[in-house]
Each structure stands twice: as C-alpha cells, then as structure tokens.
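The values are calculated or read from the model by the stated rules, or taken from the named source; none is laboratory data. These figures come from a predicted structure and were not determined experimentally. Cβ: placed from backbone, ideal geometry, glycine included. Neighbour counts: every protein chain shown. All accessible areas refer to the heavy atoms of the entire protein, side chains included, with ligands and DNA or RNA removed. Shrake-Rupley method; radii C 1.70, N 1.55, O 1.52, S 1.80 Å.
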Amino acid sequence: MLRMSTLFVRTLREDPADAEVASHRLLIRAGYIRRAAPGIYTWLPLGLKVLAKVEAVVREEMDAAGGQQVHFPALLPREPYEVTGRWTEYGPNLFRLADRKGADYLLAPTHEEMFTLLVKDMYSSYKDLPLTIYQIQNKYRDEARPRAGLLRGREFIMKDSYSFDVDDEGLERSYQIQRDAYIKIFERLGIEYVIVQAQSGAMGGSTSEEFLSPTDVGEDTYVRSAGGYAANVEAVTTPIPPAIDFADAPAAHVEDTPDTPTIATLVDVANARHPRPDRPWTAADTLKNVVLALTSPTGERSLLVVGIPGDREADMTRLEAALAPATVEAANEDDFKAHPELVKGYIGPGALGPQARATGVSRGDEGDTAIAYLVDPRIVDGTRWVTGADAPGRHVFELTMGRDFTADGTIEGAEVRAGDEAPDGSGPLELARGVEIGHIFQLGRKYAEALDLKVLDVHGKQVTVTMGSYGIGVTRAVALLAEHHHDELGLTWPIQVAPYHVHVMAAGKDEAVFAAAEQVASGLEAAGVEVLYDDRPKVSPGVKFKDSELLGAPYILVIGRGLENGTVEFKNRVTGESAEIPVAEAVTAVATAVREALAG
C-alpha cells in the first residue's frame, strides 16, 4: 500500500515558471516528474507507475500481434549510421560523442540500423520470416527548442518495432497487423486519435501514416475532409489545375510601382495606377518569390527561391518537409549582399532558374550558377501574374507561365487553408492541431540494401528483405493522457493507467478516524484494489483534499466526520459524483466499482 506519510512526493501549489501546457504544469505540481535539464526529466514513483501501465498495454498488444521484445543499448557506434547516411542526415539533432580512444558514438534517436544488423547476424532463410521484433527504449534527440514538458523532450521513451518480410505482399500484411495493434493500444489507453497520411522524413520509406491525438497544444497541423481524407499538413498535395491556353494572352509589360515591397502595397498601387478593365487586382493575381537559405547536413549553405501565389504565406513546416534533410530558414542580409540580382521586395523569375541560366550572365558570388527556382503547383502554364521586375520600384504585369518564364520544378511550400479542396476530391478541408503519438512506415528495402540484409528465398536465390517500422511515443502518451484528463483542480487519470485506483483519506484528528481508514485501506488492498492512503497525522483535511484532487486518482474515499454516523464519502474524481456509504460496506462497494471500471 502506498502511504502519503512515506511516499517520495512533494506537491506544489504554484505552477512551474517554464510550464507551457497543462500536462507539463500538472505532472510537475503533482510530483510525477521533475526537471533535470531542458527537455530532460526525472521520473518519480507516481510517474513511473503510470509509465509502467502505459508500457504494459503497449507490450501486451505487441505480443498479441506476434512481436517479440528485444533491448538494444542506447549508446551506439557510428559505423552503421555512416553506412545508411544518417550520421550526416540527422544533422545537429544527433547527440554525438567520442570514447577515450577517439571512436565516435551516438545516443540513438532511433534504431533501424541495429535491428537490421541483428536480423542479418541471426537469420539467412525465408523460412525464418516473417519476423516482428520490438523494444521499449530511451531515445535521444538534441531538440533546438525542447518545450511542453514530456511532449517535446531531448530524452524520451519510445516503443519501436520492425517487421521483416521476404516480399512486398508480406510487408503489406505485417503493416496492417501493426496498424490494427496501434488502434487497440490507443483505444485501451483511452487516447483520442486520428490516422493521417504523413511523410517519412529521415526514416525513409514509402507508405507512412501518423496517429495524431487532437489537442490545441499540438505542434502538428493536420487536415481532414467530410469525405474521409486526413493528412498531416506536410503531406498534403495541391490539386493541380489544368493548363490555360495563352495564345491570346496580353503581352507582359513592366510598370512603375514605387514603394511596393509587400503584396498589400503592390495591390493598392496596381489598382490606383494600373487598373484592370474587368475587376480589381487582388493578392491572388500576384506572384510572391520567397528567398530561402538551405543548410545541408554537412554544413553547405545555398539559396533557393520559391514562387507562391501572393494571397498565401509560405509554410516553413511544409518547406522543411519537402527539402529534408536540409534545414531551411529565410535568407539573411549577407545572402542578399552576395546576390545583387535579388532585389529585395521586387524579385521576379527573370533573375532565377531557367531564365538566369539562359542569359549566361554571372550571378553574384556563385559565378554562373543561377539560384534554383521552384514554384507552387498552382502556377501552371498559362497562368498570368504580377511579380517583381528585378528592379527597385518596378513590377511586371501579365507575366505568363510557360510563355515568359518557367521554373526548375514545383514544391509544396504554400500554406494549406481551411476550405481548400482535398487532394482526393472528397470535399473542402478543415484544419486541426494534434500531437503525434504513433508513426508507422513501410520502409521497404532502404536499410536492408544499405546494410546487406539478404535471405535465401524458396528457390535458393538471395533476395533483399523488406522492412516496416512502427513507433509509439510512450512518455508522450503519458503527457497526452494528462493533457486530455484534467480539470481546474488537477489530474483525472483514466483508471487503466492511474498510479492507484483509490485515494483513501483520513480526514480528521481522532484515532478512530485513522483506525477506520487503515482498516478500509487494508481491506481494499486485500481485495486487489491499488490504494494510496493519506495517513499523514498532522496535515489538515483541506490540504489532503487539495492533494487528492491534484494527484488525480479515479476514486476518493474520505473517512472523516461521517464516521460518527457509520458512513464514509465515496467520490468519483472524474464525474464529481459522491455518495455516503456505510463504512462496513465500503470495501465491497469500492472494490466493485473499481472492477467494473477496469472492465470497461
């Protein structure tokens, strides 16, 4: 039995100064975790109990799905990650270190390489497959801006599993088995989720889906339509409009547009000085050219210009996803000084990509290498634009794509807005926020090829194994449970993950109160109920009540003033409902309520 008098816990009445979200605030105040460093937390006894229950659900469903548990070290050698390219691709997010002999190591952000090499070391025949193995292990990523407590930390616990199959049909089956297992896990944990299309990022692979838990504090934006489309905003593709016949399009012409460095000022001047005969100019008629600086994982810096319709903003999250593994930021003043052809506020396609290459004119410090130019998929042949003329105070009107300029390609870099059409035609999109709680990939043969994982097939021929990867953020699941299950008083844990089922409170000073509370708490423990007994003799009932509400047990049993009448108060922490029950019936009544709640 847990006793408050000896439990290693210290509750706080004030919110920690750095807490941004409810889960961070309450888990620290209730004594479940303590901050050790930015993005790094110590788990205290109550927190570990919740974590263990989450891990148990994950483990049970992984085992039921045919997975077998292994455990890798967190400290790994550089060489396998060098072979797959991820030693470089992870860039500054990777914790790198050297041993006393100068050999390079890393703290694992994920373990694809090690799983692949383990199977290669032990298996060599199709008869050994299919295979699914998993671990629940600490991971490390050097987040530039750790935030929101456990939701975005530098050290976290993750369940990662990997399937190994001889062929693509086997991978499809393994993927579906894992997908179904994830659904069971999140339903058992009581975590709300949506499944969305996603990008694979540094993991590689083809098919990729995320399990997102909807919450306003989420860092991920996702979209959904009434017709069933759902995707992380990074994975949304723009429906490409048909090309337009420009045979009769008016010729492009350059006009004076003084003091128009922004889209808003450009539209105002265009309507005042160069009005259209049919309708006013709008931001949607303009072509905004955004200058980006890309830094490769090896540190090389280069510029890229992205053209998007002027009525939309550039979405850095989408751009980073499209341009990974490079990091992306807005170009700085030094970048513009190095490229005088880029006239700030008046940049047009003429100084970029195919147009610049066609001139053969030296372009800034990079010699004859023109800055690459990519455009939004909406910018198709025949579309006409108002855009920069590459001279201060000058814009070109009726510049027509396919006739007057082209690009090096397209890129999904413009913001996705509510009301945009879903890529599959299933209706307009709505936007929501969420936290990634799980991510599943069909990795295919990327890692098997890099690390030479082959087996003999049924014909005795060597074939490359195909893999799937499946991750769940275990510590993040604890944070999300706290995020979704709390009120103004404190945590309200679902019974399946609560650190204990019932908070028994001795609310008074009389020895009879403590004796009755001890007897009831012991009876509940004997009945299989997990109990926290607040047996502190010199703590006021008011403080005990506040602690019980903050700690968040599903049920609270108060032994106090009602004992004179032979009753105790039994309270449901989640619903707030309470009832007076005879003390003689307390153990049976509470144990029954707990069993029924656990049974669902």
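Descriptive notes on the structure:
- Qualifying residue in the stretch 61-73 (condition: open to solvent by less than 40 Å² (accessible area, probe 1.4 Å) and either touching a His at 6+ places or on another chain (Cβ under 8 Å) or basic (K, R) (or both)): yes
- The set of residues in the stretch 546-555 being open to solvent by 10 Å² or more (accessible area, probe 1.4 Å) and among the acidic types (D, E) consists of E549 alone.
- Tally of residues being in contact (Cβ under 8 Å) with a residue 40 or more places away in the chain and closer than 20 Å to V328 by Cβ across the stretch 380-416: 8
- Here is the figure for the stretch 246-282: residues that are within 39 Å of the chain's Cα centre (by Cα) and over 25 Å from N332 (Cα atoms) total 2.
- Residues of the stretch 139-180 satisfying the condition of being closer than 18 Å to E436 by Cβ and in a strand (DSSP E or B): K139, Y140, R147, R152, E155, F156, I157, M158, K159, D160, S161
- Residue match in the stretch 187-203 (condition: in a strand (DSSP E or B), in contact with a helix residue (DSSP H, G or I) (Cβ under 7 Å, 6 or more places away or on another chain) and either among the β-branched types (V, I, T) or surrounded by fewer than 21 Cβ atoms within 10 Å (Cβ to Cβ) (or both)): yes
- Within the stretch 292-320, residues that are within 24 Å of D381 (Cα to Cα) reach partners that are acidic (D, E) and part of a helix (DSSP H, G or I) with beta carbons closer than 7 Å, at six or more positions or on different chains, in the pairs R318/E234.
- Among (1) open to solvent by less than 70 Å² (accessible area, probe 1.4 Å); (2) modelled with pLDDT of 95 or more; (3) out of contact with any strand residue (DSSP E or B) (no Cβ under 7 Å at 6 or more places or on another chain) - the single one D245 does not satisfy: (1)
- Annotation note: Cβ proximity below 7 Å between a residue of the stretch 554-567 that is within 8 Å of M505 (Cβ to Cβ) and hydroxyl-bearing (S, T, Y) and a residue that is at pLDDT 95 or above and open to solvent by less than 30 Å² (accessible area, probe 1.4 Å) (sequence gap 6+ or interchain) occurs for no pair.
- Applying the criterion of being in contact (Cβ under 8 Å) with a residue 60 or more places away in the chain and farther than 15 Å from S548 by Cα to the residues of the stretch 4-24, the residue that is most open to solvent (accessible area, probe 1.4 Å) is E20.
- The residue that is most open to solvent (accessible area, probe 1.4 Å), among those in the stretch 75-86 that are among the aliphatic types (A, V, I, L, M) and in contact with a Phe, Trp or Tyr (Cβ under 7 Å, 6 or more places away or on another chain), is L75.
- Applying the condition of being touching a His at 6+ places or on another chain (Cβ under 7 Å) and in a helix (DSSP H, G or I) to the stretch 523-551 and asking which residue is farthest from R29 (Cα to Cα) yields S548.
- So M1, is it surrounded by 21 or more Cβ atoms within 10 Å (Cβ to Cβ), farther than 12 Å from L150 by Cβ, touching a residue at least 12 places away in the same chain (Cβ under 8 Å) and touching a strand residue (DSSP E or B) at 6+ places or on another chain (Cβ under 8 Å): no
- Only one entry of T286, T237, T215, T221 meets the criterion of being open to solvent by 50 Å² or more (accessible area, probe 1.4 Å) and within 30 Å of A324 (Cβ to Cβ), and that entry is T237.
- Selection count, the stretch 458-481, where residues are crowded, with 24+ Cβ neighbours inside 10 Å, aliphatic (A, V, I, L, M) and over 17 Å from the mean Cα position of the chain (by Cα): 2
- Elements of type strands (runs of 3 or more DSSP E) in the stretch 1-112, at least 1 residues being over 24 Å from the mean Cα position of the chain (by Cα) and over 30 Å from Q442 (Cβ atoms): 95-98, 104-107
- Looking only at residues of the stretch 249-273 that are part of a loop (DSSP other than H, G, I, E, B) and among the β-branched types (V, I, T), we find that the one that is most open to solvent (accessible area, probe 1.4 Å) is T262.
- Search result, residues across the stretch 224-234 that are touching a Lys or Arg at 6+ places or on another chain (Cβ under 6 Å) and open to solvent by 30 Å² or more (accessible area, probe 1.4 Å): E234
- Complete set of residues in the stretch 319-356 that are under 19 Å from T406 (Cα atoms) and not in a helix (DSSP H, G or I): E341, L342, Y346, I347, G348, L352
- When the test is whether a residue is open to solvent by 70 Å² or more (accessible area, probe 1.4 Å) and either in contact with a Cys (Cβ under 7 Å, 6 or more places away or on another chain) or basic (K, R) (or both), R573 does not pass it.
- Residues located in the stretch 399-409, provided they are open to solvent by less than 30 Å² (accessible area, probe 1.4 Å) and either part of a strand (DSSP E or B) or basic (K, R) (or both): L399, T400, M401, F405, G409
- Within the option set V543, V558, V594, V568, being farther than 18 Å from Y500 by Cα and open to solvent by less than 30 Å² (accessible area, probe 1.4 Å) holds for one residue only, V568.
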